[in-house]
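Structure, as structure tokens:
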Amino acid sequence: MQTHTLVAIVTILALLLYFSMGLRVGQARAKYGVPAPAITGNPDFERLFRVQANTLEWLPIFLPALWLFGLYWNDRVAAGVGLVWIVGRYLYMTGYAKEASARSAGFGIQALATGVLLFGALGKIIWVAVQNGV
């Protein structure tokens with residue numbers, strides 16, 4: 001039986017990265033004087049807020065794709081691609097915090113990693129379904 005420990009670790013690492021983004025937004029609110037529930041006011045704050053919001057938008061695509069790839073293909077490969085996603089998100093975060101135009105490389109890396117997981121899982125699930133006459 002596969003335990004999927006590596007995929008679980010990558011899941012926790014991705015959630016820890018997202019958690020740190022939330023903390024950064026909270027710190028930025030105080031630093032730039034943007035009280036909740038406002039989400040505009042200072043461009044430096046707005047970029048940090050968008051990093052967190054965009055990451056939240058991608059997590060519902062990334063996490064199920066990560067797990068389905070791990071279940072249907074291979075835990076190690078899924079975890080490796082998941083780590084690439086985390087690196088891409090980190091590059092996105094650090095680049096976007098500096099200036100909006102610096103986010104593209106990180107975004108592209110994480111989008112590619114998500115695509116590999118998503119379409120890889122889909123392909124294998126279809127293959128298994130066809131093989132089993134479903």
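What follows is calculated from the coordinates using simple rules that are stated; it is not laboratory data. All of these numbers come straight from a predicted model, not from anything done at the bench. Virtual Cβ from ideal backbone geometry, glycine too; neighbours counted across all protein chains shown.
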Original post:
Under a Cβ-Cβ cut-off of 15 Å, what is the net charge of the residues other than ILE109 that fall near it, where Lys and Arg count +1 and Asp and Glu count -1?
Top reply: +2
**OP:** Among ALA97, ALA14, VAL130, pick out the residue whose Cα is farthest towards the positive end of the charge dipole of the chain, where Lys and Arg carry +1 and Asp and Glu carry -1 on C-beta, about the Cα centre.
**Re:** ALA97
**OP:** State the extension gain, in nm to one decimal, for the chain segment bounded by LEU17 and GLU99, taking 0.36 nm per residue of separation less the distance between their alpha-carbons.
**Re:** 27.5 nm
Original post:
What distance in nm separates the simple spin-label points at ARG76 and TYR90, each placed 7 Å from Cα in the Cβ direction?
Top reply: 2.2
**OP:** Using a cut-off of 15 Å between beta-carbons, work out the net charge of the residues near ARG89 (Lys and Arg +1, Asp and Glu -1, ARG89 not included).
**Re:** +3
Subject >> Filtered GluC sites (Glu not before Pro), region 17-121: DSSP coil and at most 11 other beta carbons within 10 Å >> reply: GLU99
**OP:** Restricting things to alpha carbons, find the Rg to Rh ratio for the chain using the Kirkwood radius for Rh.
**Re:** 1.09
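Quick check: residue separation of LEU59 and ASP44 times 0.36 nm, minus the Cα distance between them. What number comes out in nm? Kindly include the intermediate steps, with their values, before the conclusion.
On the way: separation 15, 0.36 × 15 = 5.40 nm, distance 2.32 nm.
Going from the current span to full extension adds 3.1 nm.
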Original post:
Pick from ALA113, ALA105, ALA78: which residue has the top mean-square fluctuation in a GNM of the chain where Cα pairs under 10 Å get a spring?
Top reply: ALA105
**OP:** Report the full-extension gain for the segment ALA129 to TYR32: residue separation times 0.36 nm, less the Cα-Cα distance, to one decimal in nm.
**Re:** 29.6 nm
**OP:** Only helical DSSP H runs with n ≥ 4 go in: add -39500 (n - 2.57) per run for the chain, normalise by residue count and round the 222 nm mean residue ellipticity to 500 deg cm²/dmol.
**Re:** -29500 deg cm²/dmol
